[in-house]
Amino acid sequence: MSDQDTALHRVTLTVNGTSRTLDIEPRTLLVHALRNELSLTGTKIGCDTSQCGACTVLIDGRSFKSCTVLAVQADGTSVTTIEGVGSGRELAAVQEAFKQHHGLQCGYCTPGMVLATVELLNQNANPDEAAIRHGLAGNVCRCTGYSGIVDSVKAAAAAGVGK
Amino acid sequence: MIPAQFAYRRATSVADAVAALADPDAKVIAGGHSLVPMMKLRLARPGTLIDIGGLPLRGIADGAEIVVGSLTSHADLAQAAAFAAAGLQAVAECAAAVGDVQVRNAGTIGGSVAHGDPASDAPAGLIAADARIRVAGAAGEREIAVDAFFQGPFWTALGEQELVSAIVFPKPAAGSASAYESIEDPASGYPLVGAAALVTVAGGRVTAVRIGVTGVSGTPFRATNAEAATLAGAPVADAARLDITGQDVFGDTRFDEEYRRHIAAVVIGRAVERAIARAQGGSQ
Ligand SMILES: Cc1cc2nc3c(=O)[nH]c(=O)nc-3n(C[C@H](O)[C@H](O)[C@H](O)COP(=O)(O)OP(=O)(O)OC[C@H]3O[C@@H](n4cnc5c(N)ncnc54)[C@H](O)[C@@H]3O)c2cc1C
Ligand code: FES
Ligand code: FES
């Protein structure tokens with residue numbers, strides 16, 4: 001290992017539609033690149049051990065736990081964070097569904113839940129309750145007891161989010 | 001948690017990655033879903049990471065055999081129709097049993113096999129399907145039969161300077177079907193026991209069977225007693241107890257050894273039953 005190899009790496013990501021270039025250490029986790037380098041703090045860190053899903057983002061349209069992805073691995077990809085789901089104060093239909101159907105209490109799991117829901121509905125636009133619970137198995141919520149979340153996902157599906 | 005410092009570069013080809021592994025302090029990274037957690041905990045501390053994620057080793061080629069590129073994600077395997085069409089349902093079901101959606105999107109079959117985690121799902125399906133692990137090394141490619149591949153916990157027949165390039169699944173005879181059954185640790189999702197059975201049914205009788213078991217022991221294994229019972233039409237779970245008796249079974253404070261021995265036999269029996277029902281035309 002020479003100093004040159006461990007030196008900063010240039011990583012270019014398209015984040016929420018905008019190209020961003022970062023010079024970072026290879027060991028930088030994607031979640032830290034998003035939160036600390038790009039100030040996109042909507043993505044949360046819950047467990048930091050790939051169990052809770054709070055850090056879920058989409059990479060090239062599929063959901064990943066960004067606490068377990070090195071930012072250098074994501075070089076050249078398109079990343080969607082919660083900031084890219086709605087637009088400012090305007091909520092996307094999936095967020096509106098969570099708001100209307102008590103899909104959140106403290107809100108800490110919500111960015112990850114919303115992105116996991118986007119992935120779920122992209123794969124299956126009309127999931128039944130079992131498919132919803134299975135599809136969100138990688139996301140833990142300490143508050144809601146999940147039934148509000150299941151209702152929210154059903155409402156989002158009815159609103160045509162996955163179509 | 002942030003891993004210790006390391007050097008990083010992307011492999012430009014399989015040969016380039018193999019050459020880079022000449023450095024004993026280098027490791028390849030695929031999906032990173034076993035390696036990154038270990039690096040965070042300092043259980044692994046490679047000096048150099050060679051990222052193979054961009055190599056053209058992704059995808060499923062369905063021909064005389066089914067050849068799965070090592071970078072194919074668990075998610076893509078779980079959804080591939082080629083397996084059920086060939087009677088290899090168990091292979092896709094092992095992939096579907098891995099972790100959760102995000103983990104299946106990230107984790108790769110090659111990484112899982114190379115890692116050799118005794119609690120991983122994939123080995124059961126590979127053993128039942130009599131798969132071959134295709135590896136690339138400095139001297140070119142070779143194939144290793146699955147029965148000779150897994151050697152112990154996190155220990156495989158893969159050489160230090162070799163890369164898994166693909167997993168090759170021969171297509172079983174007509175009238176074959178398979179199934180994977182597991183009981184998972186409710187917290188981690190890893191199997192406490194997973195069993196895959198592949199049967200061939202002809203004239204109402206089972207004429208061939210292979211059963212792979214994972215999760216219970218340091219090395220995934222073939223349940224040969226349960227196989228013999230299946231062929232003889234005898235109770236499988238009883239025979240499976242013999243297979244388990246010969247194994248060094250894990251036990252911990254939550255799931256002790258006795259419990260695991262018990263559920264292992266139950267799960268093996270269920271996998272065989274479901275495979276037979278499928279081969280006989282049941283739709284499950
Ligand atoms: C939260 C969580 C839950 C999980 N649950 C399960 C589960 O229920 N069941 C299960 O089976 N697995 C589970 N896994 C593990 C998951 O399946 C991993 O994806 C898999 O074990 C490793 O694949 P990877 O591509 O991520 O490998 P990596 O982490 O990139 O690599 C793992 C090891 O294999 C080596 N390696 C990788 N690719 C190759 C290759 N092509 N050739 C040679 N060496 C290679 C690396 O050098 C490293 O030593 C879980 C993981 C997480 C994080
Ligand atoms: S913070 Fe990434 S899964 Fe919990
Ligand atoms: S709303 Fe609090 S953790 Fe889910």
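Residues are listed down the side, and each one gets a yes or a no for (1) of a type in the set (Val, Ile, Thr); (2) modelled with pLDDT under 95; (3) more than 19 Å from the chain's Cα centre (by Cα):
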position: B:LEU242; (1), (2), (3): no, yes, yes
position: B:THR245; (1), (2), (3): yes, yes, yes
position: B:GLY251; (1), (2), (3): no, yes, yes
position: B:GLU258; (1), (2), (3): no, yes, yes
position: B:GLU273; (1), (2), (3): no, no, yes
position: B:ALA279; (1), (2), (3): no, no, yes
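Residues that are open to solvent by 30 Å² or more (accessible area, probe 1.4 Å), within 16 Å of ligand 3 (Cβ to nearest atom) and not in a helix (DSSP H, G or I): does the range A:86-103 have at least one?
Yes, that holds for at least one residue.
How many of the residues making up the range B:173-187 are in contact (Cβ under 8 Å) with a residue 60 or more places away in the chain and within 20 Å of A:GLN51 (Cβ to Cβ)? Quick ask: steps written out before the conclusion?
The first filter runs over the range B:173-187 and keeps only residues in contact (Cβ under 8 Å) with a residue 60 or more places away in the chain, leaving B:175-185.
Keeping just the survivors that are within 20 Å of A:GLN51 (Cβ to Cβ) gives B:182-185.
Result for the range B:173-187: 4.
Of the residues that make up the range A:64-74, is at least one in the same structural domain as A:ASN16 (by TED's automatic domain parsing), touching a Leu at 6+ places or on another chain (Cβ under 9 Å) and more than 16 Å from ligand 1 (Cβ to nearest atom)?
No, there is no match, as no residue in the range A:64-74 is in the same structural domain as A:ASN16 (by TED's automatic domain parsing), touching a Leu at 6+ places or on another chain (Cβ under 9 Å) and more than 16 Å from ligand 1 (Cβ to nearest atom).
Which of the strands (runs of 3 or more DSSP E) contained wholly in the range B:1-67 include at least 3 residues that are surrounded by 14 or more Cβ atoms within 10 Å (Cβ to Cβ) and modelled with pLDDT of 95 or more?
Filter on the range B:1-67 gives B:7-10, B:26-29, B:48-51.
Determine which single condition A:VAL114 fails, assuming it passes every other condition in (1) within 17 Å of the chain's Cα centre (by Cα); (2) part of a helix (DSSP H, G or I); (3) away from ligand 3 (no atom under 16 Å from the Cβ); (4) under 30 Å from A:ARG10 (Cα atoms).
(3)
Examine the range B:150-165 for a residue that is part of a strand (DSSP E or B), surrounded by 20 or more Cβ atoms within 10 Å (Cβ to Cβ), modelled with pLDDT of 95 or more and in contact with a Lys or Arg (Cβ under 8 Å, 6 or more places away or on another chain), and state whether such a residue exists.
Yes, that holds for at least one residue.
Residues are listed down the side, and each one gets a yes or a no for (1) open to solvent by less than 20 Å² (accessible area, probe 1.4 Å); (2) under 29 Å from A:THR56 (Cβ atoms); (3) out of contact with any strand residue (DSSP E or B) (no Cβ under 9 Å at 6 or more places or on another chain):
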site	(1), (2), (3)
B:GLU93	no, yes, no
B:VAL103	no, yes, no
B:ILE133	yes, no, no
B:ALA139	no, no, yes
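Which of the residues belonging to the range B:83-94 are more than 12 Å from B:ALA179 (Cα to Cα) and out of contact with any Lys or Arg (no Cβ under 6 Å at 6 or more places or on another chain)?
Kept after step one, since they are more than 12 Å from B:ALA179 (Cα to Cα), are these residues of the range B:83-94: B:85-86.
Within the range B:83-94, B:ALA85 is the sole residue that qualifies.
Going by the conditions given, is B:GLY110 away from every other protein chain (no Cβ under 14 Å), over 22 Å from A:ILE132 (Cβ atoms), touching a residue at least 40 places away in the same chain (Cβ under 8 Å) and not in a helix (DSSP H, G or I)? Explain how you work it out, then say what you get.
Details: away from every other protein chain (no Cβ under 14 Å): yes; over 22 Å from A:ILE132 (Cβ atoms): yes; touching a residue at least 40 places away in the same chain (Cβ under 8 Å): yes; not in a helix (DSSP H, G or I): no.
So B:GLY110 fails the test.
Where residues in the range B:223-248 are surrounded by 19 or more Cβ atoms within 10 Å (Cβ to Cβ) and in contact with a strand residue (DSSP E or B) (Cβ under 9 Å, 6 or more places away or on another chain), which of them is farthest from B:VAL193 (Cα to Cα)?
B:THR230
Here is a list: A:GLY112, A:GLY53, A:GLY84, A:GLY76. Which entry is within 11 Å of chain B (Cβ to nearest Cβ) and more than 21 Å from A:GLY148 (Cβ to Cβ)?
None of the other options fit; the residue is A:GLY76.
Here is a check on your reading of the model: is B:GLY47 under 17 Å from B:ILE109 (Cα atoms) and within 12 Å of another protein chain (Cβ to nearest Cβ)?
No; evaluated as a whole, the condition is false for this residue.
From the list A:GLY42, A:GLY61, pick out the single residue that is closer than 23 Å to B:LEU55 by Cα and touching a residue at least 24 places away in the same chain (Cβ under 8 Å).
Every option except A:GLY61 fails the conditions.
Of the residues A:SER66, A:SER50, A:SER19, which single one is surrounded by fewer than 17 Cβ atoms within 10 Å (Cβ to Cβ) and among the hydroxyl-bearing types (Ser, Thr, Tyr)?
Result of the check over A:SER66, A:SER50, A:SER19: A:SER19.
Suppose we filter A:LYS99, A:LYS163, A:LYS65, A:LYS154 for residues that are closer than 15 Å to B:ASN105 by Cα and of a type outside the set (Asp, Glu); which single one remains? Show your work before the answer.
Values: A:LYS99 fails: closer than 15 Å to B:ASN105 by Cα; A:LYS163 fails: closer than 15 Å to B:ASN105 by Cα; A:LYS154 fails: closer than 15 Å to B:ASN105 by Cα.
From the options A:LYS99, A:LYS163, A:LYS65, A:LYS154, the qualifying one is A:LYS65.
Looking only at the range A:125-147, which residues are in a loop (DSSP other than H, G, I, E, B) and within 11 Å of chain B (Cβ to nearest Cβ)?
A:LEU136, A:ALA137, A:GLY138, A:ASN139, A:VAL140
The values are calculated or read from the model by the stated rules, or taken from the named source; none is laboratory data. Bear in mind the structure is a predicted one, so any value in this text is a computation, not a measurement. Cβ atoms come from the backbone with ideal geometry, glycine included; neighbour counts cover every protein chain shown. Just the protein is used for accessible areas: all its heavy atoms, side chains included, with ligands, DNA and RNA removed. Shrake-Rupley method; radii C 1.70, N 1.55, O 1.52, S 1.80 Å.
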